[in-house]
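K.L.:
Sharing a structure below in structure tokens format, with a few things to ask.
The values are calculated or read from the model by the stated rules, or taken from the named source; none is laboratory data. Since the structure is predicted, the reported quantities are computational estimates derived from the model, not experimental observations. Don't worry about glycine lacking a Cβ; one is built from the backbone with ideal geometry, like all the others, and counts go over all protein chains shown.
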Amino acid sequence: MNARAHATHRRRNAAVLLAAALAAGGAGLPSTASGQEISIPWPEMEKFFVPPEEHKGKLGSYRSPMRFDDGTPVKTRQDWSRRREEIRAYWHRVMGPWPALVEKPRIKDLEKEHVESFTRRKVQVEVAPETFAGTQYLLVPDGRGPFPAVLVTWYGSEDSAGLTEKARGTVDFGLQLARRGFVALCLGAVRQEDAPPSGGRSGIQPVQPLSFLAYAAANCCNALAALPEVDPKRIGVMGHSFGGKWAMFASCLHDGFACAVWSDPGIVWNEEDPNANYWEKWYLGYRFDRPADGQRKPGIPTEAHPRTGAYERLVAEGRDLHELHALMAPRPFLVSGGAQDRPEHWRALNHAIALDELLGHTGRVAMTLRDGHTPTAESNAQACAFLEHFLKGR
């Protein structure tokens with residue numbers, strides 16, 4: 001990932017989040033700052049698992065994930081098991097296969113402080129073999145565990161942990177979850193260039209930046225699972241925008257996550273939306289046959305400014321992100337939609353719903369909607385209710 005582009009992108013998104021919160025009169029900030037969270041009863045959430053009538057049962061033009069690459073239909077659970085591996089293998093082949101995961105990644109404690117009803121630990125986490133990413137925050141609630149846990153993906157772990165004013169009430173997911181009795185690992189500042197998989201060293205094939213972030217998240221899931229305070233079968237992942245893309249790829253490609261919340265990442269390709277920018281070099285558009293300063297300039301693909309990297313091949317071969325959604329089945333996931341994810345995206349989600357039904361499950365795919373990209377107090381409460389239901393059994 002180009003470090004300068006990454007930093008610019010982070011500053012721009014942070015500024016947008018703060019401006020939106022201030023323009024709304026600080027909506028969501030007072031309730032979070034005071035520790036009073038909105039609680040949504042589960043019956044009020046059930047409507048979000050049903051597509052609007054105009055999209056119900058409609059599959060759009062997306063290629064069915066329930067059909068093998070040779071055209072053979074998936075008819076049984078056994079068929080799906082084989083088809084699932086075919087999809088996973090294809091995406092890893094195009095994006096670059098992951099190195100082996102770290103079985104028990106190390107967590108190094110730097111500082112520890114008790115605040116409110118939890119302990120905030122400043123830590124370093126092994127996100128790749130012998131590679132520790134920046135400074136992260138691990139929030140552990142008071143009381144006896146093991147607790148359910150959530151990995152929170154975002155630009156900066158300080159924001160997720162509620163340590164920066166600009167994030168209060170919007171992307172401070174870790175803080176909100178810790179207050180609700182979850183262990184929360186706030187993950188940010190993961191630099192692919194620091195880790196051996198990124199540069200093809202030692203014969204390791206390069207990995208697209210977004211896939212490497214998912215690999216780092218998978219190792220963090222393993223790190224959480226090894227903690228005595230965590231129930232390894234009840235680990236979720238949650239992220240917004242860039243973090244939502246990160247959480248989506250992580251949960252789809254790593255089975256250790258029991259459920260996921262993707263906040264307005266753009267869950268399908270959309271070249272009319274400059275923010276659904278999977279084509280960029282810091283996501284899926286990196287060209288490993290060129291140096292860092294010879295990459296495609298940012299911007300929507302055009303004839304004069306064509307697609308590159310894995311994104312180019314995925315689009316050319318008729319693939320879309322609904323294939324990754326299918327890898328979640330039957331694990332539950334919530335799309336917390338905003339400016340990027342709108343009701344018409346149910347047509348992609350209907351493929352996952354159909355697959356869940358084949359596997360004997362219903363009520364596993366949900367989408368909520370809000371105005372604007374920035375998370376609100378209500379959308380965060382919906383996300384927390386979803387995680388409480390599927391990770392706490394409420």
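K.L.:
Could you identify the single residue in Gly372, Gly363 that is in contact (Cβ under 8 Å) with a residue 60 or more places away in the chain, closer than 20 Å to His55 by Cα, of a type in the set (Gly, Ala, Ser) and not in a helix (DSSP H, G or I)?
P.N.:
Of Gly372, Gly363, the one residue that is in contact (Cβ under 8 Å) with a residue 60 or more places away in the chain, closer than 20 Å to His55 by Cα, of a type in the set (Gly, Ala, Ser) and not in a helix (DSSP H, G or I) is Gly363.
K.L.:
I need a count of the residues in the stretch 88-114 that are among the β-branched types (Val, Ile, Thr) and in contact with a strand residue (DSSP E or B) (Cβ under 9 Å, 6 or more places away or on another chain). First the steps, then the outcome.
P.N.:
Step one: list which residues in the stretch 88-114 are among the β-branched types (Val, Ile, Thr), which gives 94, 102, 107.
Those left that are additionally in contact with a strand residue (DSSP E or B) (Cβ under 9 Å, 6 or more places away or on another chain): 102, 107.
Number of matching residues: 2.
K.L.:
Check Ala383 against each of (1) in a helix (DSSP H, G or I); (2) among the small types (Gly, Ala, Ser); (3) within 29 Å of Val74 (Cβ to Cβ) and name the one condition it does not meet.
P.N.:
The number of the failed condition is (3).
K.L.:
Across the stretch 124-146, what is the number of residues that are crowded, with 22+ Cβ neighbours inside 10 Å and touching an Asp or Glu at 6+ places or on another chain (Cβ under 6 Å)?
P.N.:
Result for the stretch 124-146: 1.
K.L.:
May I pose another question? Do you know which residues across the stretch 335-360 are crowded, with 20+ Cβ neighbours inside 10 Å and part of a loop (DSSP other than H, G, I, E, B)?
P.N.:
Within the stretch 335-360, Gly338, Gln340, Asp341 meet the criteria.
K.L.:
Another question, if that's okay. Go through the stretch 247-297 residue by residue and tally those that are outside any loop (DSSP other than H, G, I, E, B) and either touching a Leu at 6+ places or on another chain (Cβ under 6 Å) or of a type in the set (A, V, I, L, M, F, W, C) (or both).
P.N.:
11
K.L.:
Can you find, within the stretch 187-215, the residue that is modelled with the highest pLDDT among those that are over 21 Å from Leu314 (Cβ atoms) and of a type in the set (A, V, I, L, M)?
P.N.:
Applying the first criterion (over 21 Å from Leu314 (Cβ atoms)) to the stretch 187-215 yields 187-191, 193-196, 199, 201-204.
Going one step further and asking which of them are of a type in the set (A, V, I, L, M), we end up with 187, 189-190, 195, 204.
Values: Leu187: 98, Ala189: 82, Val190: 89, Ala195: 58, Ile204: 53.
Once the filter is applied, the top-ranked residue is Leu187.
K.L.:
A further question follows. Could you run through the stretch 151-166 and say how many residues are more than 20 Å from His254 (Cβ to Cβ) and part of a loop (DSSP other than H, G, I, E, B)?
P.N.:
Keep residues of the stretch 151-166 that are more than 20 Å from His254 (Cβ to Cβ), which gives 155-156, 158-159, 161-166.
Those left that are additionally part of a loop (DSSP other than H, G, I, E, B): 155-156, 161-164.
Final tally of qualifying residues: 6.
K.L.:
Same structure again: Evaluate the stretch 324-339: report whether one residue or more is on the phi > 0 side of the Ramachandran plot and in contact with a Gly (Cβ under 7 Å, 6 or more places away or on another chain). Write out each step before concluding.
P.N.:
In the first step, residues of the stretch 324-339 are kept if they are on the phi > 0 side of the Ramachandran plot; the result is none.
Among the residues of the stretch 324-339, not one is on the phi > 0 side of the Ramachandran plot and in contact with a Gly (Cβ under 7 Å, 6 or more places away or on another chain), which makes the answer no.
K.L.:
State which residue is surrounded by the fewest Cβ atoms within 10 Å (Cβ to Cβ) when the search covers only the stretch 270-306 and only residues that are over 17 Å from Val207 (Cβ atoms) and of a type in the set (Gly, Ala, Ser).
P.N.:
Ala304
K.L.:
Would you please list the contacts, defined by Cβ atoms under 9 Å and residues six or more apart or on different chains, that run from a residue in the stretch 59-78 that is free of Cβ contacts under 8 Å to residues at least 60 places away in the same chain to a residue that is acidic (Asp, Glu) and surrounded by 10 or more Cβ atoms within 10 Å (Cβ to Cβ)?
P.N.:
Close Cβ pairs satisfying both conditions: Phe68/Asp79; Phe68/Glu86; Asp69/Glu86; Thr72/Asp79; Pro73/Asp79.
K.L.:
Please tell me if Val150 is over 19 Å from Leu210 (Cα atoms) and surrounded by 22 or more Cβ atoms within 10 Å (Cβ to Cβ).
P.N.:
Here the answer is yes, as Val150 does meet what is asked.
K.L.:
Then there is this: Taking the stretch 347-357, which residues are more than 20 Å from Ala258 (Cβ to Cβ) and of a type in the set (A, V, I, L, M)?
P.N.:
Ala348, Ala354
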